[in-house]
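Worksheet: the structure to be examined is printed underneath.
Readers should treat all values here as calculations from the given coordinates under stated rules, not as data from a laboratory. Remember, it's a predicted structure, so these values are computed and weren't measured experimentally. Every residue, glycine as well, gets a Cβ built from its backbone with ideal geometry; the counts of neighbours run over all protein chains shown.
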Amino acid sequence: MTDKTMLRALKGEVLPTPPVWLMRQAGRYLPEYRATRAQAGDFLSLCYTPDLAAEVTLQPIRRYGFDAAILFADILLLPQALGLDLWFETGEGPRMSTVTSMAGVKALKGKDDIHDKLAPVYETCRILARELPKETTFIGFAGMPWTVATYMIAGRGSKDQAAAHKLKDTDRAAFSALIDAVTDATIEYLSKQVEAGCEVVKLFDSWAGSLKGQDFEDFAVEPAKRITAELKARFPGLPVIAFPREAGEGYIGFAKKTGADCVAIDNSVSPEWAAANVQKDGCVQGNLDPSYMVTGGQALVEATQKVVAAFKNGPHIFNLGHGITPEADPENVTLLMETIRKG
Ligand SMILES: Cc1c2[nH]c(c1CCC(=O)O)Cc1[nH]c(c(CCC(=O)O)c1C)Cc1[nH]c(c(CCC(=O)O)c1C)Cc1[nH]c(c(C)c1CCC(=O)O)C2
């Protein structure tokens, strides 16, 4: 039996204190992150410089002793490896060349031609597999095809994913071919991360909430199911965490339908609701509102205790409902950790 608490929770064990890590735990709220990012020059150089990417992954582990470390990279490196141009506009976010037709999908690189570009990411994994503390679980990740496709189709982030919905509704063949191409490449990308030392994979579907009805089944559930099944066939026992963010009722049964070991829950649903409707089927991860990491105080303590209490009768990994923001106060993360660990 492993003594890594995160792996134990993923196997369904109910622990007296939940394992904890935070989405975006390596990020701009930490002065040491900002210093290493400045040393790298920019965000993408940081992602592609293995020593520095490993360093920022380790920083929050040293500072807080989280139970898990997540590989430092980005979900948009995969479309870049598929041949799209990617850059970040300061203060705005990602920009990308677009794919909006079958010809565009056909022009993408094949699923086995992504590894040259992504080799530095695999090297980061190898460094971390060596250097992480033995009690720390190492998480690899990728974006889910729908979320990644929304950026590939629009060339940027958007509030309502309108461009992706439009392609889905007007050129189903091109849209489906794009989802399939990203699904196939994601399987190869995650396989390499696991071969390089990741012990768990997390699938980020940040925009799953905008898929409704049959679209949710076809483009959130199905790709998660295919990716999970193929990874588990290649790596028996590999734990998979799925995060269909803002899925609402779609969270119910998501683990059963996809084969994922754990469902990550955002903070638009209450922990009590998630315990009753989702945790009944297995491990859940979540779901404190990230804004408490900015505001802190007694409200943080009480909200944290409420999340822990709501999930205490089943397998639970403590996390935020979404990424920690640049405005968060590092001291509030210390308070969070004290609150969780003193029980
Ligand atoms: C949609 C998405 C992206 N990236 C990711 C998602 C899915 C999760 C989510 O919904 O947030 C996932 C991601 N991005 C990053 C990680 C690393 C691991 C971690 O610490 O969580 C992970 C797992 C680093 C990052 N990815 C990004 C940063 C900030 C970059 C910086 O240092 O300037 C980090 C630390 C940039 C990024 N990357 C992306 C956007 C839209 C942005 C700009 C917005 C922002 O600045 O927060 C795409």
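Please give me the summed charge of the neighbours of G209: other residues whose Cβ is under 11 Å from its Cβ, Lys and Arg +1, Asp and Glu -1.
Net charge around G209: -3.
To the nearest 0.05, what FRET efficiency results for H115 and E249 with a Förster distance of 45 Å applied to their C-beta separation?
That gives a FRET efficiency of 0.70.
Just for the Cα atoms in the chain, what are the lengths along the principal axes, largest first, rounded to whole Å?
57, 45, 39
Taking the dipole about the Cα centre of region 5-341, with the C-beta of Lys and Arg at +1 and of Asp and Glu at -1, give me whichever of H115, G155, S210 is farthest to the positive side.
H115
Give the Kirkwood hydrodynamic radius (Å, one decimal) of region 156-232, defined as one over the mean of 1/r across all pairs of different Cα atoms.
13.7
Taking loop as defined by DSSP and a crowding limit of 16 other beta carbons within 10 Å, which trypsin sites (Lys or Arg not before Pro) in region 139-223 fit?
When the trypsin sites (Lys or Arg not before Pro) of region 139-223 are filtered for loop state and at most 16 Cβ neighbours within 10 Å, K159, K212 remain.
Counting only C-alpha contacts under 8 Å and six or more residues apart, can you give the relative contact order of the chain as a whole percent?
Reported relative contact order: 20 percent.
Which of the cysteines found in the chain have nothing to pair with, since no other Cys Cβ lies under 4.7 Å from theirs?
Within the chain, the cysteines lacking a partner Cβ under 4.7 Å are C47, C125, C198.
Would you tally the net charge around Y251, using a Cβ to Cβ cut-off of less than 13 Å, leaving Y251 out, and scoring K and R as +1, D and E as -1?
Result for the local shell: -1.
How much of the DSSP bridge set in the chain is antiparallel, in percent, rounded to the nearest 5?
Looking only at bridges with both residues in the chain, the antiparallel portion is about 15 percent.
Across region 253-333, what fraction of all alpha-carbon pairs, as a whole percent, falls in each successive 5 Å bin from zero upward?
It works out to 3, 17, 26, 23, 15, 9, 5, 2, in whole percents.
What percent antiparallel are the DSSP beta bridges of region 1-158, to the nearest 5?
Just about 60 percent of them are antiparallel.
What is the calculated FRET efficiency for S158 to R34, with r their C-beta to C-beta distance and R₀ = 25 Å, to the nearest 0.05?
The pair S158/R34 has a calculated efficiency of 0.35.
Please give the calculated 222 nm ellipticity per residue for the chain, where each DSSP H segment of at least 4 residues contributes -39500 (n - 2.57) and the sum is spread over every residue; nearest 500 deg cm²/dmol?
About -14000 deg cm²/dmol.
Could you list log10 I(q)/I(0) for region 185-343 at q = 0.08, 0.19 Å⁻¹, which the Debye formula gives when each Cα is one point scatterer?
Values, matching the q order: -0.25, -1.17.
Treating the Cα atoms of region 194-269 as identical point scatterers in vacuum, please give the log10 of the normalised Debye intensity I(q)/I(0) at q = 0.13 Å⁻¹, two decimals.
-0.36
Could you work out the local net charge near I114, counting Lys and Arg as +1, Asp and Glu as -1, over the other residues with Cβ closer than 13 Å to its Cβ?
Charge balance near I114 sits at -1.
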